[in-house]
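The values are calculated or read from the model by the stated rules, or taken from the named source; none is laboratory data. All of these numbers come straight from a predicted model, not from anything done at the bench. Glycine also receives a Cβ, built like all others from the backbone with ideal geometry; neighbour counts cover every protein chain displayed.
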Amino acid sequence: MSALPRPGSDQQEIALDGDDALVAEQLYAWGWTDGLPVVPPTRERVARFCAAALHDAEHCLGAIAPRGAPLSVRQLAANAVMAGCLPAYMPILEAAVTAMNVPIFNLYGMQMTTHPCALMVLVHGPAAAEAGMNAGAGCMGQGNRANGTIGRAVRLVMMNVGGARPGDGDSESAIDRATQGTPAKWTFCFAENEARSPWEPFRVSVGLSPEDSAVTVAAVEGPHNINDHQSDSGEEILFTIAETMATPGANTVYRGGDQFVVLGPEHAEVIAKSGFSRPAAQAYLFEHARVAVDRIGKKKLDEASTWGGYKKLLDEFGGRIPVARAPEDIRILVAGGAGKHSAWLPTFGATYSQTCRVGREEPGRIQIAPALASSTWSTAAE
């Protein structure tokens, strides 16, 4: 297929000759893909996805930063088709894009930063099982269509509607300025392993009910593995996790925001059997996951203390800076399968994860869980 002029953003449909492979090449040439092959979003395919959505095809799901272009259900459907989704995933996708548009999530900052943050899409409740999502072994990796394509569809929306494509900022379309990026920017989506969790589902901890299906989005780095095969008490495992989190290079030390500790089921079981509730585990990590100031260069400390608003609190901290601003900002949940591993997911920092309910109970309405943003430290510099 010969190169064609890139269509204007006001064109709803484009006529292209050729089979799916040739059309996919043209979409790539226009910069509308993530670099991997896509499924061409034909009129018939998009219509099937719109029919499975909670809202009408022309319903606006919000303006996607940084470009600020409005996202219709039809546009979401087109990107979902391209990603390889099934129509049944549309309610999950609607919830995900609604959650990431909540102001405190700071989608604009996430899309524009040099930090390598990716959009984590975490699915909870019956919707995850209905979509066939993987919450067990390998859930953050390859091999499951729902996990892989749901995360990819939202990323395509962030690129094609939001305009955040990788580049050096010299053109309007090159405004994802991540210094190195991360493989998680292709897709990062998994389900909570509620069956193996010793505590209530994560969505309950942020204000929704156990019966709800929900989607949580967060601006995270790729998962950092935490290996502890020998510890046989909850406190020992939590100590290993805390020491892993206490790194001078994490944005959360300086910028605030929340972060995620995704426990493997075996670690979670030992922690719970040792008497730790979720809040108790959060409190332990808050007290022990701290970075000594002598591990931070002086100029970096001066800069970072201004960002973090804790310049006057260093004496109070005893020279050990917490990696979170409050215990509840360390979100804990369970996912994965056999093996004594867990994962730490630090965030961009200037962001708070959001959780959105999925469902048809009240057509046209998607409930957002109350934000748990901490005001323990000043956020004026952020």
For the range 113-140, give me the residue count where each residue is buried (at least 24 other Cβ atoms within 10 Å of the Cβ) and outside any loop (DSSP other than H, G, I, E, B).
8
Residues of the range 45-64 satisfying the condition of being charged (D, E, K, R) and surrounded by 14 or more Cβ atoms within 10 Å (Cβ to Cβ)
45, 48
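Taking residue 334, is it of a type in the set (Val, Ile, Thr), under 26 Å from the mean Cα position of the chain (by Cα) and under 30 Å from residue 125 (Cβ atoms)?
On the way: of a type in the set (Val, Ile, Thr): yes; under 26 Å from the mean Cα position of the chain (by Cα): yes; under 30 Å from residue 125 (Cβ atoms): yes.
When the stated conditions are applied, residue 334 passes them.
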Out of all the residues in the range 297-350, which are of a type in the set (Val, Ile, Thr) and at pLDDT below 95?
306, 321, 323
Identify all residues within the range 273-292 that are out of contact with any helix residue (DSSP H, G or I) (no Cβ under 7 Å at 6 or more places or on another chain) and either at pLDDT below 95 or among the aliphatic types (A, V, I, L, M) (or both); write none if there are none.
280, 292
The residue that is surrounded by the most Cβ atoms within 10 Å (Cβ to Cβ), considering only those in the range 65-74 that are outside any strand (DSSP E or B) and out of contact with any Asp or Glu (no Cβ under 7 Å at 6 or more places or on another chain), is 65
Looking only at the range 47-56, which residues are under 25 Å from the mean Cα position of the chain (by Cα) and without any contact (Cβ under 8 Å) to a residue 60 or more places away in the chain?
49, 50, 52, 53
What about residue 252, is it at pLDDT 95 or above and β-branched (Val, Ile, Thr)?
no
Is it true that residue 77 is modelled with pLDDT of 90 or more, closer than 26 Å to residue 92 by Cα, among the aliphatic types (A, V, I, L, M) and not in a helix (DSSP H, G or I)?
no
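With the structure loaded, tell me whether residue 212 is charged (D, E, K, R), surrounded by 15 or more Cβ atoms within 10 Å (Cβ to Cβ) and farther than 24 Å from residue 126 by Cβ or whether it fails that test.
Taking the combined requirement at face value, the residue does not satisfy it.
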Residues within the range 224-241 that are in contact with a strand residue (DSSP E or B) (Cβ under 9 Å, 6 or more places away or on another chain) and either surrounded by fewer than 21 Cβ atoms within 10 Å (Cβ to Cβ) or modelled with pLDDT under 95 (or both), tallied:
6
Would it be correct to say that residue 250 is touching a residue at least 60 places away in the same chain (Cβ under 8 Å) and under 26 Å from residue 191 (Cα atoms)?
yes
Read through the list (1) surrounded by fewer than 24 Cβ atoms within 10 Å (Cβ to Cβ); (2) more than 14 Å from residue 150 (Cα to Cα), then give the number of the only condition that residue 110 fails.
(1)
